[in-house]
Amino acid sequence: MAKQRCAVIGVGQTKYQSTRGDVSMAGLVREAALRALADAGLEWSDIDAVVIGKAPDFFEGVMTPEIILAEALGAAGKPVLRVHTAGSVGGSTAIVASSLIESGVHRRVLALGFEKQSESNAMWALSLPQAFQTSINAGAGGYFSPIIRRYMAMSGAPELVGCVVAFKDRQHALKNPYAHLHQPELTFEEVVESPMLWDPIRYSETCPSSDGACAIVLADERAAADALNPVAWVDATAMRSEANNFGGRNMVNPAASSLCAQDLYAKAGITNPREEIDVAEIYVPFSWYEPMWLESLGFAERGQGWRLVEDGVTRLGGDLPVNPSGGVLSSNPIGASGMVRFAEAALQVRGMAGEHQVVGARRALGHAYGGGAQYFAMWIVSAGD
Amino acid sequence: MTAPLDPVAPPITLPPSLRDVEPVQRVRTPFRLDYEVSAGRSMAAYLRAMKEKRILGERCPVTGQVFVPPRGVTPTSGLVTTELVELPDRGYVESFCVTRVPIPGRDDLQLPYVSAWIVLDGASVGFLGLVADIPPEEVRLGLRVQAVWRPDDELGETADNIKYWAPTGEPDVEITSYEYVGQPGEAP
Amino acid sequence: MTDIAIVAYAARQQAEVEENELEMIAPLIEQVRSETGLGPDDIDFTCSGSSDFLAGAAFSFVLTLDATRPVPPIVESHVEMDGAWALYEAWVKLQIGEAKTALVYGYGKSSPGSLRDVLATQLDPYTVAPLWPDAFGIAGLQARLMLDAGDVTERDLAEVAARSLADAADNPNAVRAGAHSIDELLAEPYLHDPLRAHDCPARADGGAAVILAADDVARRVCERPAWIRAIDHRMDVHHFGVRDPRRARSAELAAQAVGVTSDKVDVAELDAPFSHQEPLLVRALGLDAANTRINPSGGSLTGHVMMAAGLVRLGEAATRVHRGDADRAVAHATSGPWLQQNLVAVLEGD
């Protein structure tokens, strides 16, 4: 059987906030799943399989919670896979789900990513002392900030580029009712004056800790033809992993990232991403990762990514809007964030992104990364005819 | 489609006997799990050497790259380490950040502190270490540093034997690219 | 469907392994590479299974990535499940037709923590986990219900254990082995009434590595590939009051989907960590126990590596096909309390 075409026919999200005290984990995932099913015009019984992804289970204090969520996910009697690839998991989960369609194994698959990190203690879970290692790492920021400093030094970028990204994403979030951070009063000056956490990264340039779930219904060509709403075709997917430490490693632009993007574009027939991609939802948990990823993803030359930010290219209304949803900087339920990127990319080309819609978007990039910037998952989606 | 803040679940009808009872919103279940973890062969050798103020790294049998601390398998080969090499306790700062956030369980760390990627002379990779004895605003890429060890009677089989890394006063190493030291296939 | 086979398998099970997980899994990966001649550059896709809670560390799978030689970057994924499901994900990937080879591994160390307490965190956190029932006790409830209903007798359980222990004598990876009479076993004290120590899994540290290959590649690297004719997996509802503990509905569904009974089964490697679960699974899969060799490896009763036991069953079944001891074999993997989730595969040799 030849590779089957795969489409996104439904998307569901929950309102992201620091604590969803009104629902249990079961309630949280079901909320996203029900919305995705409604969007797709399907019932639970129409789903052949469930692929669920999330980050370390210490965030909830429940080992392999998909086990207890079988009923909530309508998964009784169905195949269930649980993916865990660190921060990229939301993306890799969508990719595994799309594989089930592309291989012809299933016709309609529910992919879901979630995190209910208010149940446990996210900072604790991220800073768990590794046996036999000295523990001076204050979470992910302590790991990525030295890398960001490298980029700043090498590119000669103006000091406030990160603040521009942070302010932009929080402005975008105001147009996304699902986003966690809604700060209508926020000014650029306030972003700049926010206290430094891991110099050069300020508090305002850091992602929040959120509860949330995101679900996508994927379907084959026949099922897509019957879809209730416009579909998004999955043109290509790509994943790469690399070791997080070895001599000659490019920490700022990891080979796993750039090679993943090259593979993705080759599969999608894209030769000029800057021109051919209309909108990008990329995983930016710390502001400076936007210009860094723009370079790695081939949207800008080495050392020039920051210019796209400064010139307003990546703002809604700009030539290449990046994270019109508000991005990870505005909502970060870790296990779901990657899938939110993939889902938002799909919403854009389906014309269903509401107030943060990029007008005329026909091709979008969804991107997620995790670990020591070593796991990458990406997809290209395009509008149906 | 429901709006983001609309509930999707149908409301629950309670029996009359429960209508005035306050629903349970959260259940608090503290748990404790103890793990006795083994360091592994290479790491155990590294920790034992630490007690003698010696730093061991592992050499990749395929590329010759030297990794420290040794994890037991080099990613450039996928093979179990058979060769450990001794490294000096001096190197330079590949990059750093100034941290102003406290870490759970490390009240001994005075804020702000500098955590840096330290590359030892002879190593192909860096590791995170504390840089002190220098004002944070003077720390820079390429700063040459040396380990400051705990007193002999406080040494244990732990990397915490090195309290921090202090500047040596030697000229900085010149850093000109994004890449870290060492090229695949080349032993430094 | 693309023809995909298990072409190599290596495993290690030991009561307590001194090395860390990375040092533990690397030689197994090296072994399947050298068996097939497929080096890191020849592997199109890698997938592994492991658990953070078991390891006592968040993102614990990052530690073992180095064993795959991920420099230059590789195409790789990971499931927080037994390696059997990593094999399933790899099989799906190969079905698409772009990748031709896959490396699959699963591993776990039970010795560092208390497995029974770790597994208690896998339960409903609102109504069950706070009672801290341990995994062996929960299995004991299932055994009790089966005994009371007359599905099995204590003698039946002892027979399963005795046979497994005797067969394990030929398995260098067995953690428990030996010749015991039924009466000897029945004379042992209960551990969790009605389960005795030998009715419970022989906990082990270790892991397994497998290489999958498609079509002509499989034929090139393996003399007698174990073709995966069909593979399926299903999940049951979780909550204890809502399902029948005397049946594994998800195992029945998976077995039907792969057509276990459509032909003779020479060998069945069943992941039954507790002795009473073997007859339950035999019935669920529709196996003819009289004409099928069950768990010639000794099964999970004689060596059980959390997060790899299912992959080990797949590997052991494949080995029987490779050697010509079986033409058609069934392999099974399970996860969750009371056999909640089950995977079944049919393997055939040419």
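Brief remarks on what is shown
- Candidate set from the range A:1-25 (those that are farther than 25 Å from A:Ser330 by Cα and touching a strand residue (DSSP E or B) at 6+ places or on another chain (Cβ under 7 Å)); member that is nearest to the other protein chains (Cβ to nearest Cβ): A:Gln4
- Of the residues making up the range C:212-246, those that are part of a loop (DSSP other than H, G, I, E, B) and either crowded, with 19+ Cβ neighbours inside 10 Å or among the charged types (D, E, K, R) (or both) are C:Cys222, C:Glu223, C:Arg224, C:Pro225, C:Asp236, C:His238, C:Arg243, C:Asp244, C:Pro245, C:Arg246.
- Residues considered: A:Leu294, A:Leu320. Of these, the only one that is surrounded by fewer than 24 Cβ atoms within 10 Å (Cβ to Cβ) and either among the aromatic types (Phe, Trp, Tyr) or at pLDDT 95 or above (or both) is A:Leu320.
- Among residues of the range C:75-124, those that are hydrophobic (A, V, I, L, M, F, W, C) and at the interface with chain A (Cβ under 8 Å from one of its Cβ atoms), counted: 9
- Restricted to the range A:352-371, and to residues there that are under 12 Å from A:Val279 (Cα atoms) and of a type in the set (Gly, Ala, Ser), the residue that is surrounded by the most Cβ atoms within 10 Å (Cβ to Cβ) is A:Gly366.
- The lone exception for A:Val164 - which of (1) out of contact with any strand residue (DSSP E or B) (no Cβ under 9 Å at 6 or more places or on another chain); (2) modelled with pLDDT under 95; (3) of a type in the set (Val, Ile, Thr) it fails: (2)
- Put simply, of A:Leu28, A:Leu69, A:Leu42 the only residue that is more than 8 Å from chain C (Cβ to nearest Cβ), at pLDDT 95 or above, closer than 23 Å to A:Gly370 by Cβ and crowded, with 21+ Cβ neighbours inside 10 Å is A:Leu28.
- Screening A:Gly74 on (1) surrounded by 24 or more Cβ atoms within 10 Å (Cβ to Cβ); (2) in contact (Cβ under 8 Å) with a residue 12 or more places away in the chain; (3) within 13 Å of chain C (Cβ to nearest Cβ) shows it passes everything except condition (1).
- Restricting the range A:199-221 to residues that are among the hydroxyl-bearing types (Ser, Thr, Tyr) and in contact with a Leu (Cβ under 7 Å, 6 or more places away or on another chain), the residue that is nearest to A:Ile334 (Cα to Cα): A:Thr206
- Which numbered condition A:Asp226 fails, given (1) out of contact with any helix residue (DSSP H, G or I) (no Cβ under 9 Å at 6 or more places or on another chain); (2) within 13 Å of chain B (Cβ to nearest Cβ): (2)
- The number of residues in the range C:221-268 being under 18 Å from the mean Cα position of the chain (by Cα), within 27 Å of C:Leu147 (Cα to Cα) and small (Gly, Ala, Ser) comes to 6.
- Residues that are in contact with a strand residue (DSSP E or B) (Cβ under 6 Å, 6 or more places away or on another chain), more than 9 Å from chain B (Cβ to nearest Cβ) and charged (D, E, K, R) within the range C:43-74 comprise just one, C:Asp44.
- Among residues of the range A:245-267, those that are within 25 Å of C:Ala99 (Cα to Cα) and within 14 Å of another protein chain (Cβ to nearest Cβ), counted: 13
- The combined condition, being touching a residue at least 60 places away in the same chain (Cβ under 8 Å) and more than 7 Å from every other protein chain (Cβ to nearest Cβ), is fulfilled by B:Glu94.
- Figure legend. Inter-residue proximity from the range B:13-31: first residues farther than 30 Å from C:Gly113 by Cα, second residues surrounded by 10 or more Cβ atoms within 10 Å (Cβ to Cβ), beta-carbon distance below 7 Å, spacing 6+ or different chains. Indicated pairs: B:Gln25/A:Gly21.
- Candidate set: the range C:40-77, residues that are touching a residue at least 40 places away in the same chain (Cβ under 8 Å) and acidic (Asp, Glu); chosen: the one surrounded by the most Cβ atoms within 10 Å (Cβ to Cβ): C:Asp66
- Set side by side, the residues B:Pro151, B:Pro167 differ, and just one is more than 8 Å from chain A (Cβ to nearest Cβ), crowded, with 16+ Cβ neighbours inside 10 Å and not basic (Lys, Arg), which is B:Pro167.
- Residue check for A:Val313: of a type outside the set (D, E, K, R) and surrounded by 24 or more Cβ atoms within 10 Å (Cβ to Cβ): no
- Pairs with Cβ under 6 Å, 6+ apart, first in the range C:125-137 and at the interface with another protein chain (Cβ under 7 Å from one of its Cβ atoms), second in a loop (DSSP other than H, G, I, E, B) and of a type outside the set (S, T, N, Q): C:Pro125/A:Val62; C:Tyr126/B:Val27; C:Ala129/C:Leu123
- Selection status of A:Gly247, in contact with a Gly (Cβ under 7 Å, 6 or more places away or on another chain) and buried (at least 24 other Cβ atoms within 10 Å of the Cβ): yes
- Filtered residue count, the range B:116-142, keeping only those that are of a type outside the set (Val, Ile, Thr), part of a loop (DSSP other than H, G, I, E, B) and more than 13 Å from the chain's Cα centre (by Cα): 10
The values are calculated or read from the model by the stated rules, or taken from the named source; none is laboratory data. Not measured: the values here are computed from a predicted model. Quick reminder, even Gly has a Cβ in these numbers, built from the backbone with ideal geometry, and neighbours come from all protein chains shown.
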